[in-house]
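The structure appears below as structure tokens.
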Amino acid sequence: MLELIIGGYAALVWLLCIKLKVIPWNIKTQVGAVAGAIALGATIIFTINVVTPSSSDVRAINFVVEVVPRVAGTVTKVAIEGNQMLKKGDILLEIDDRPYRIKVLEMEAKLADATASAKTLWQDADSAKSNVEAAQAHLDLMKKRRAEAQELAQAGAGNQFDVENFVTEVKKAESALSAAKTAVTKAQTKLEGVVGTDIASVAQIKAQLEAAKYDLESTVIRAPTDGYVANVAVRAGNYLVAMPFRPAMSFIEHEQQLFAFFNQNELRYVQPGDKAEIAFLSLPGDLVHAKVDAVLWANAQGQVMQSGSVGNAPSEHLPAPLPQKYAARLKVEYAEDEEKQFIPMGARGGAAIYTEKLAALHLLRMVMIRAQSKLNYLVLKLH
């Protein structure tokens, strides 16, 4: 398009200066015509680079989940193949679950025993209360007998030995009553120690049972989201552990993020929602239509790492590092009846963003990005 504009400018000069001779064709007009062409071309280039910036560095990025088992065990089944699209929840591999099933059975047995023991606590509490009533009645009787023995001894109808005997019996009855009350307090304390609706001992076993069931479920490793595994190296018979950290496989999420990197002075007019077009090398001849989702106004050169050291100023003889670029995150948009294009992970290409400024010049960038898309057909190598 720029070539067409310069060609039109040249045709206008030829028409006015040579054909119609409205303007004399001399050294001055020749220099002026060349200077005008250069000024026109430079103005157009500098303007479109601001109102519709382009990037030669577009990257398709997928998140990769390193699949690490929660539980240790021997792989019994690998349920997938590499490069096979999977849905969230599909089984990736299975670990021998026999030790974990046995653990669940053990905890279920302990829970049954703890539940039965909990039921006896109410019986123990009732029995302790009955013992308190009996001990209180016996203490009252011994006190009565002690008082009677003291009256008889004072009247000369009894002996001092009976008085001393009943005094001892009262002390024994008081001790028995205190022990019975302690047993009631202990039983009530156990009954009051509850978690939710369960007493503490039952709640503890239930928690251990849930942990055992979770470990059992973890022997089946499932896809965390839609995606695929690029390289399945694990095989049945491998022994997997959570630590030391060694992933069983790498799961590539289907959801992608597209980033286009621009020089720091190119994004002044770019706003979220601006239209964009991308020409990927992996899709020669095709354009991916997108919109600007956000501009990430940050890069590593502006980060200060936490440290106790005072930062050093760069030496004067060292050149300043080149400014790092800023990234614009692009979101692909498809029409309702449009077939979605497959953009492989790591795909590279170029992009153009169309701002709201000087929309008439967008046509130039559209021609350029389409030409770039066509040039992607060329494989420029000799071997």
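Only the coordinates and a few stated rules stand behind these numbers; no lab work does. Predicted model only: the values in this text are computed from it and were never measured. Positions of Cβ are generated from backbone atoms using ideal geometry, with glycine treated the same way; all protein chains shown enter the neighbour counts.
On a 0 to 90 degree scale, rounded to 10, what angle separates helix 27-51 from the longest Cα axis of the chain?
Value to nearest ten degrees: 10.
Given that just one value was derived from the coordinates, which of (i) 22.5; (ii) 30.9; (iii) 21.7 is Kirkwood radius over Cα pairs in Å?
Computing Kirkwood radius over Cα pairs in Å and matching it to (i) 22.5; (ii) 30.9; (iii) 21.7 gives (ii).
Treating the beta-carbon of each Lys and Arg as +1 and of each Asp and Glu as -1, no other charges, what is the dipole magnitude of the range 338-383 about its Cα centre, to the nearest 20 debye?
Magnitude of the dipole: close to 220 debye.
Show the residues, 5+ positions off or on another chain, whose built amide H is closer than 5 Å to the amide H of Asp90.
Under 5 Å from the amide H of Asp90: Ala223.
Test of understanding: in a Gaussian network model of the chain with alpha carbons linked when under 10 Å, which of Ile252, Ile45, Ile221 would top the mean-square fluctuation ranking?
Ile45
Treat each spin label as a single point 7 Å out from the Cα along the C-beta direction, and report the Ala335 to Ala109 distance in nm.
Label-label distance for Ala335 and Ala109, simple model: 6.9 nm.
Run the numbers for Asp90 and Lys119: contour at 0.36 nm per residue of separation, minus the present Cα-Cα distance, in nm.
6.1 nm
What full-extension length gain, to one decimal in nm, is calculated for Gln256 and Ala137 as 0.36 nm per residue of separation minus the Cα-Cα distance?
Length gained between Gln256 and Ala137: 34.6 nm.
For helix 160-192, what angle does its Cα long axis make with the longest principal axis of the chain, in degrees from 0 to 90 and rounded to 10?
Here the helix axis deviates by roughly 20 degrees.
What list do you get for His289, His383 if you sort them by fewest beta carbons within 10 Å? It would help to have the intermediate numbers written out before the result.
Numbers: His289 15, His383 2.
By the 10 Å Cβ count, ascending, the order reads His383, His289.
Find which of Leu364, Val71, Gln84 sits farthest along the positive direction of the dipole of the chain, computed with +1 on the beta-carbon of Lys and Arg, -1 on that of Asp and Glu, about the Cα centre.
So the residue furthest toward the plus end is Leu364.
How large is the dipole of the range 26-88 about the Cα centre if only Lys and Arg carry +1 and Asp and Glu carry -1, each at its Cβ, rounded to the nearest 20 debye? Before the final figure, lay out each step's value.
Working: 6 positive and 3 negative charges, 45 e Å.
Using Cβ point charges on Lys, Arg, Asp and Glu, the range 26-88 gives about 220 debye.
Quick check: pseudo-label points 7 Å beyond the Cα along Cα→Cβ at Phe63 and Ala200, how many nm apart are they?
4.1
Hey, rough spin-label estimate for Ser282 and Arg246, points 7 angstrom out along Cα→Cβ, what's it come to in nanometres?
Result for the modelled spin labels: 3.1 nm.
What does the net charge come to around Thr52 if you take all other residues with beta carbon closer than 15 Å to its beta carbon, with K and R at +1 and D and E at -1?
Taking every other residue near Thr52 into account, the sum is +2.
Calculate, in nm to one decimal, what Val22 and Phe342 gain on full extension: separation in residues at 0.36 nm each, minus their alpha carbon distance.
Once the chain is fully extended between Val22 and Phe342, it gains 109.5 nm.
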